[in-house]
Amino acid sequence: MKPEKVKRILRETVQELNACKWLYSARPGKDNTRKRKFPFEKMISSILALRAGTLSHEIMDFFGIDPSIGSSSAFVQQRAKILPEAFDTLFHSFTEKITKHDVYRGYRLLAVDGSDLQITANPNDVDSFFPGVDGQKSYNLLHINAMYDLLQHIYVDALLQKRRNTDESGALTAMVNRSPIEKALLIADRGYESYNNLAHIQEKGW
């Protein structure tokens, strides 16, 4: 699929999300109802475009150098009004639209693996917080479990866990159970191995 088409589908999916934005607002009927400097649709798109710069630089890169653009504080306040489920819905809806359902002897080829993701330090989140040792700065750590389609080179699912509560086996069970894929060959390392997972995979028809 050409990049231009992928970009168009992503933009259309964001617009569909915007059409029912009250479903993904922290306070339905109150949040994302008035015209703002950072409207819901632009917030979703700008968050997807975030890189590794400071927030003020990211805002200028996306919205342009305009005195009327809101501050970093206003951006954070608007971001807090959007539920995480908005991005989960966007991910699955967009992925389904670009999926070609390529198969190997009738089976989708899927691989699952996990990786740690370091985020900004927040001591109040005890399930992901790690104090620094030997002069190291403190940090918070998440664990991402991702399911990848080997033939299409796209992610089809992902599940985030706080590092101190990491359960790769449980994450795989959840992703298998909620997948709409009917037949698949699944590859995973030993961190995901358990009789319970094998039973769920068998019941799924994978």
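Values for this structure:
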item: Residue in region 106-115 that is out of contact with any strand residue (DSSP E or B) (no Cβ under 7 Å at 6 or more places or on another chain) and either farther than 29 Å from Trp22 by Cα or without any contact (Cβ under 8 Å) to a residue 12 or more places away in the chain (or both) present; result: yes
item: Within region 88-107, considering residues that are among the basic types (Lys, Arg) and more than 18 Å from Gly205 (Cα to Cα), the one nearest to the chain's Cα centre (by Cα); result: Lys97
item: Counted residues, region 170-206 - those being in a helix (DSSP H, G or I), open to solvent by less than 90 Å² (accessible area, probe 1.4 Å) and over 14 Å from Ser115 (Cα atoms); result: 12
item: Residue list for region 108-120, filter: over 20 Å from the mean Cα position of the chain (by Cα) and either assigned to a loop (DSSP other than H, G, I, E, B) or among the hydrophobic types (A, V, I, L, M, F, W, C) (or both); result: Leu109
item: Set Lys5, Lys30, Lys42: member being in a loop (DSSP other than H, G, I, E, B) and open to solvent by 90 Å² or more (accessible area, probe 1.4 Å); result: Lys30
item: Of all residues in region 79-93 being outside any loop (DSSP other than H, G, I, E, B) and free of Cβ contacts under 8 Å to residues at least 60 places away in the same chain, the one that is most open to solvent (accessible area, probe 1.4 Å); result: Arg79
item: Tabulated pairs, region 118-141, first under 19 Å from Gln161 (Cβ atoms), second modelled with pLDDT of 95 or more and of a type in the set (Gly, Ala, Ser), C-beta under 8 angstrom, 6+ apart or interchain; result: Ile119/Ser128; Asn122/Ser128; Asn140/Ser128; Leu141/Ser128
item: Pairs with Cβ under 8 Å, 6+ apart, first in region 142-165 and more than 24 Å from Ser128 (Cα to Cα), second of a type in the set (Gly, Ala, Ser) and outside any helix (DSSP H, G or I); result: Tyr148/Ala111; Leu150/Ala111; Tyr155/Ala146; Val156/Ser179
item: Tally, over region 128-157, of residues that are part of a strand (DSSP E or B) and either surrounded by fewer than 17 Cβ atoms within 10 Å (Cβ to Cβ) or touching a helix residue (DSSP H, G or I) at 6+ places or on another chain (Cβ under 7 Å) (or both); result: 12
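The values are calculated or read from the model by the stated rules, or taken from the named source; none is laboratory data. Model, not experiment: these values are computed from the prediction. Every residue, glycine as well, gets a Cβ built from its backbone with ideal geometry; the counts of neighbours run over all protein chains shown. Keep in mind that these areas ignore ligands, DNA and RNA; they rest on the heavy atoms of the full protein, side chains included. Shrake-Rupley method; radii C 1.70, N 1.55, O 1.52, S 1.80 Å.
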